[in-house]
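Heads up, the thing below is written out as structure tokens.
The values are calculated or read from the model by the stated rules, or taken from the named source; none is laboratory data. In this text the structure is predicted, and so the values were computed from the model without any measurement. With ideal geometry, Cβ positions are generated from the backbone for all residues, glycine too; neighbour counts draw on all protein chains shown.
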Amino acid sequence: MQDIEVEIRQLANKYSLKLTEQLQLRKLEMENDDLSHFLIYQVLGISDNEGLLIDQYQNKGRFLYKYAGSFLESATKLCFKYAFNDSGSLKIPNTLGNRPKTFEIDCLCGTNAIEIKWRDATTDGDHITKEHTRIQVIKNAGFIPVRIMFYYPNRQQAMKIQQALKTLYLGIGGYYYCCDEAWEYIELQTNINLKEILEKIAKEKSDE
């Protein structure tokens with residue numbers, strides 16, 4: 001277990017460094033931004049200082065969400081790789097349409113085709129149709145669609161999308177694990193308590 005914890009720590013440091021570099025680069029880029037759109041902010045009662053902070057944090061948020069999701073997906077894959085050496089990503093052809101040409105399985109472990117989401121907050125109704133096609137293709141290929149999502153969205157419309165996706169997965173004979181169930185699924189399958197490892201890393205960083 002110490003080996004996987006060391007690997008996850010190294011992964012966390014790698015993503016933390018990448019995020020910091022991207023944020024610093026974007027901050028430098030924004031120093032030369034055209035701020036003429038602040039006129040509209042002012043019309044809506046937002047001061048220049050507040051508008052600047054909003055723009056900065058909007059950019060920071062985009063990078064943070066991207067790297068948070070990528071890190072957690074990579075850490076999850078590490079757990080499965082540690083327990084099942086032959087697990088990994090796999091692209092399969094789309095047998096039900098032309099777009100996209102292929103679908104990627106985040107982590108294929110035996111016959112379980114695992115889709116990993118750190119937090120899916122989409123409110124796009126078309127997402128349901130696309131996901132239905134994806135999991136049908138996966139099932140037709142002889143795999144079992146499994147979705148694990150660590151954090152549930154807060155907005156009502158996004159919640160409805162997730163409820164519909166859960167119905168799709170269960171209806172096709174797959175599995176849908178969210179929040180505590182997602183962490184528990186990883187531990188049950190790999191014997192690795194990923195959440196405990198991440199909580200330990202987070203506490204150490206907050207104490208620095």
Legend entry - Top-ranked residue in segment 1-41 [being among the acidic types (Asp, Glu) and in a helix (DSSP H, G or I); ranked as surrounded by the fewest Cβ atoms within 10 Å (Cβ to Cβ)]: 3
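Please enumerate the residues belonging to segment 157-172 that are more than 24 Å from residue 140 (Cα to Cα), touching a residue at least 24 places away in the same chain (Cβ under 8 Å) and not small (Gly, Ala, Ser).
Hit for segment 157-172 is 157, nothing else.
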Inset, instruction - Confirm whether residue 84 is closer than 25 Å to residue 3 by Cα, of a type outside the set (Lys, Arg), modelled with pLDDT of 95 or more and over 18 Å from the mean Cα position of the chain (by Cα). - result: yes
Inset, instruction - Any residue in segment 193-208 that's without any contact (Cβ under 8 Å) to a residue 24 or more places away in the chain: show its pairings with residues that are in a helix (DSSP H, G or I) at Cβ separation under 7 Å, as long as the two are six or more apart or on different chains. - result: 193/187; 195/183
Legend entry - Of all residues in segment 137-194 being β-branched (Val, Ile, Thr), part of a helix (DSSP H, G or I) and more than 19 Å from residue 124 (Cα to Cα), the one that is nearest to the chain's Cα centre (by Cα): 186
Inset, instruction - Consider residue 46 carefully, then state whether it is assigned to a loop (DSSP other than H, G, I, E, B), surrounded by 14 or more Cβ atoms within 10 Å (Cβ to Cβ), modelled with pLDDT of 95 or more and not charged (D, E, K, R). - result: yes
Legend entry - Among the candidates 197, 161, residue that is at pLDDT below 95 and in contact with a helix residue (DSSP H, G or I) (Cβ under 9 Å, 6 or more places away or on another chain): 161
